[in-house]
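**Q** The structure is given below, and queries will be raised subsequently.
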Amino acid sequence: MRHIWKICLTLVVLSAFVVFFTSVDDISLNQHHVQSVFSRDEMESINFTERVTPGVKICRRDDLYTFSAVAKPSADWTKYTSIVITSWCTGSTQFNCFLYSTNKNIEMVKATLSRKRSNHGRPKHCACQYTCNLDNEYHQIKGYLTQVGLSPLKDIKEDSCPQINKYIYPTRQSGKMAICSKMAYGSQEPIKLIEWFEYNRLMGVDRIITMVQLINRDAYKVLKYYNKTGLLDMDIFPSPLPGIDIKKNANCKIKDRTSCFKEFSQEELKDLPWRHFRRSSPQGEHDQMVALDHCQEKLQGYAFVANVDFDEFIVQSNLRNIKEYFNDTILPKYQNAAGFTLNHSYFLANWGISGDGFLQMTQYTQRVDPRYVNYKNVYIPSRTASTTTHELTPKSGFRRIYLKKHHIVVHHYRTCPPVAYWKNCMNFTRYEDKKMLKIRKVMEERALNVKRELGIT
């Protein structure tokens, strides 16, 4: 009898150990899951409960800051073959990928540094991408994986500073067009943003992505409005940017980054120097590359993606819907195209208002001749290896097309750039161009409706 009692006692003790270690594993996994909901900076202000494994948190590393993790589909979109993690990095550390699945497993595969942008100018952090290959057929199913972490260790639970991102699954958007506008920051005039968004809606653009930094509150209202309509993805850049002392944060509370957008007026931000946003600097160029790489991965299911800024408008000479124009006119002519380079028509504010109305597209009706300067591209993601602000690299078998003789250009509304090429811009030949007056009525109606809805004066 005593022998049976000892056996029972042993079984009880063993059961207790199993329950204990299972709980520890669940706690660690749940901790990682909770952390993915917050920003890395916000986590530094959160006190963990006693039930959470001590020392496990998401924070800033000196060698890596991951921004997004996007699934890479097969050519026929029947499965996902890898994960691409867009980051700021030094490129000096070997990392492992940790794959979090819906069944609460964590599996490790080796991470490959698949792209590191040129470190010309010696930025502290380069734009880079890590790839995690998915050889397990379950991992290739949409929705099976939920998060991915990077760590130099073989057990991410032992890492005091892991980098964990929610897993983004892009979808196929045949025939559709998107825009990557890189970053929204500083002092932006709300009416100009409204004009830009409404024009692109009118021209058939289906989706826009911008990375938001410190920006004036009325501009933020505009971005939030278009985010709610489903047109705009607002992907918030870390504040402060990687490589900057967290304490130097322009009075933006790290725990609640929305204060970065609500506290400042356009007037208060108008004199904030570009260097606050690392523009123009070697590090600032890499910040832009992170934005462009993120866009290319997230928008890879679209037929066309344009890299243009908030003061640039893609215009067809007869004001045709630009999405339809690329689909039914341009692409059939160049069936092996990876992308299209558009000349720039500069409408210079230095020349003064030559038209009327309250929109810049009708106020400024004088331009220089379209030229191959600061040109921009519309590319086909499935045929493009990489892009920059002004360049694109085709995949093998495809080519870049320069649309110098076609009736589609970029209208760029700005002052004369402060560089040598534009030194005598006031003496450049001026050409009258009033085509945008054809859509003045519909554009003004759209802009006024949005202004009224947002309560912007």
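**Q** Look through 81, 131, 86 and report the one residue that is of a type in the set (S, T, N, Q), part of a strand (DSSP E or B), modelled with pLDDT of 95 or more and over 30 Å from residue 240 (Cβ atoms).
**A** Testing whether each residue is of a type in the set (S, T, N, Q), part of a strand (DSSP E or B), modelled with pLDDT of 95 or more and over 30 Å from residue 240 (Cβ atoms) leaves just 81.
**Q** Just name the residue that is modelled with the lowest pLDDT out of those in the range 226-255 that are of a type in the set (D, E, K, R) and surrounded by 16 or more Cβ atoms within 10 Å (Cβ to Cβ).
**A** This residue is 235.
**Q** Just need a number here: residues in the range 99-124 that are within 26 Å of residue 172 (Cα to Cα) and in contact with a helix residue (DSSP H, G or I) (Cβ under 8 Å, 6 or more places away or on another chain).
**A** Result for the range 99-124: 2.
**Q** Right, another one. Check the range 150-163 and report whether any residue there is in a loop (DSSP other than H, G, I, E, B) and crowded, with 21+ Cβ neighbours inside 10 Å.
**A** yes
**Q** I'd like to check something: does the range 337-359 contain any residue that is in a strand (DSSP E or B), among the β-branched types (Val, Ile, Thr) and out of contact with any helix residue (DSSP H, G or I) (no Cβ under 9 Å at 6 or more places or on another chain)?
**A** Taking every residue of the range 337-359 in turn, at least one turns out to be in a strand (DSSP E or B), among the β-branched types (Val, Ile, Thr) and out of contact with any helix residue (DSSP H, G or I) (no Cβ under 9 Å at 6 or more places or on another chain).
**Q** For residue 181, all conditions in the list (1) in contact with a strand residue (DSSP E or B) (Cβ under 6 Å, 6 or more places away or on another chain); (2) at positive phi hold save one; what is the number of the exception?
**A** Of the numbered conditions (1) in contact with a strand residue (DSSP E or B) (Cβ under 6 Å, 6 or more places away or on another chain); (2) at positive phi, the odd one out for residue 181 is (2).
Residue-by-condition table, conditions (1) touching a Lys or Arg at 6+ places or on another chain (Cβ under 9 Å); (2) closer than 20 Å to residue 402 by Cα; (3) not charged (D, E, K, R):
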site: 287; (1), (2), (3): yes, no, no
site: 295; (1), (2), (3): yes, no, yes
site: 301; (1), (2), (3): yes, no, yes
site: 311; (1), (2), (3): yes, no, no
site: 320; (1), (2), (3): no, yes, no
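**Q** What pairs come up if the first residue lies in the range 302-324 and is assigned by TED's automatic domain parsing to the domain that holds residue 204, the second is part of a loop (DSSP other than H, G, I, E, B) and modelled with pLDDT under 95, and their beta carbons are under 8 Å apart, counting only those six or more places apart or on different chains?
**A** 307/389; 310/188; 316/407; 317/407; 318/407
**Q** I'm trying to understand the selection: among the residues of the range 256-295, which are part of a loop (DSSP other than H, G, I, E, B) and modelled with pLDDT of 70 or more?
**A** 263, 264, 265, 270, 278, 280, 281 - these are the residues of the range 256-295 that are part of a loop (DSSP other than H, G, I, E, B) and modelled with pLDDT of 70 or more.
**Q** State whether the residues of the range 382-392 include one that is under 29 Å from the mean Cα position of the chain (by Cα) and hydrophobic (A, V, I, L, M, F, W, C).
**A** The answer is yes, given that some residue of the range 382-392 is under 29 Å from the mean Cα position of the chain (by Cα) and hydrophobic (A, V, I, L, M, F, W, C).
**Q** Can you tell me which residue among 92, 114 is within 20 Å of the chain's Cα centre (by Cα), touching a residue at least 24 places away in the same chain (Cβ under 8 Å), surrounded by fewer than 16 Cβ atoms within 10 Å (Cβ to Cβ) and not assigned by TED's automatic domain parsing to the domain that holds residue 280?
**A** Just a single option satisfies the conditions, and that option is 114.
The values are calculated or read from the model by the stated rules, or taken from the named source; none is laboratory data. Please read all numbers here as calculations on a predicted model, not as lab measurements. Here the Cβ is made from the backbone with ideal geometry for all residues, glycine too, and neighbour counts use every protein chain on show.
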